[in-house]
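Q: Please find one structure pasted underneath; my questions will follow.
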Amino acid sequence: MLLSMTIKQVMQNQMHTNIMFATGRFQIIPGTLIDAVKWLKLDVNSLYDEAAQDQIFEEYIIKVKRPAIIAYLEGNGSVEDAIYDWAKEFASAGVRKGNTISKGRIAQVEGGSYYSGDGLNHAHLTPNLMPSQGHTVKIIVTLIL
C-alpha cells in the first residue's frame, strides 16, 4: 500500500500520527519528509516508492540532515560522530553514556536510545557493537547508494 501512495498522500497521513508516523525502508518521520521534500524539491505527486525513499535517504538524510554519517562512509569523519548521528536518526541505535540526548538531557547509560524516556523508543544496537559492524554498515549503505 505505501509504495502505491504519493508523497503527498503519505505526508497527509503523517499529519495524523495515529494513522501513520515513521514510514518506509528508513522509517522516515513527518518532519524529515517535509524537510526532504523542500530541500530536494521533490514532486509531491510522485510515488513514495523505493526510489523516492532511497533518494531521501541518500541525498537528504545522510548528506544534509546527518552529515557525520556520509563523512564517515567516505573516510572523512569519525566513527563516534557517525554513531551519534545514526542514533539521532534511528531510535533503535544507542548513544554513548554522557552524550546529549533528546530534550537536552544527558545519557545516563551506555547504549540507550537518543529518544529514551519517550515511552516508545528503545535501542537495540549498542554503540559498542556499531564500530565492529561498521564495515557491514558501509556495505549496506554502499549497496543502497
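The values are calculated or read from the model by the stated rules, or taken from the named source; none is laboratory data. Note that the coordinates shown come from a computational prediction; the quantities given were computed from them, not determined experimentally. Glycine gets a Cβ as well: all are built from the backbone with ideal geometry, and neighbour counts include every protein chain shown.
Q: Determine the pairs where a residue that is at positive phi, located within the range 13-35, has a partner that is among the aliphatic types (A, V, I, L, M) with Cβ atoms under 7 Å apart, the partner being 6 or more residues away or on another chain.
A: Gly24/Leu2
Q: Could you identify the single residue in Ala52, Ala71 that is within 15 Å of Leu40 (Cβ to Cβ) and over 12 Å from the mean Cα position of the chain (by Cα)?
A: Within the list Ala52, Ala71, the selection yields Ala52.
Q: Is the range 98-110 home to any residue that is of a type outside the set (Phe, Trp, Tyr) and closer than 20 Å to Val10 by Cβ?
A: Within the range 98-110 (the criterion being of a type outside the set (Phe, Trp, Tyr) and closer than 20 Å to Val10 by Cβ), the answer is no, since none of the residues qualifies.
Q: Among helices (runs of 4 or more DSSP H) lying entirely in the range 1-87, which contain 2 or more residues that are assigned by TED's automatic domain parsing to the domain that holds Tyr114 and of a type outside the set (D, E, K, R)?
A: Ranges flagged: 67-73.
Q: If you don't mind, another one. Going through Ala51, Ala82 one at a time, which residue ends up being without any contact (Cβ under 8 Å) to a residue 60 or more places away in the chain and surrounded by 21 or more Cβ atoms within 10 Å (Cβ to Cβ)?
A: After ruling out the rest, the residue left standing is Ala82.
Q: For the range 1-29, which residues satisfy the criterion of being touching a helix residue (DSSP H, G or I) at 6+ places or on another chain (Cβ under 8 Å) and more than 18 Å from Leu47 (Cβ to Cβ)?
A: Met15, Thr17, Ile19, Phe21, Ile29
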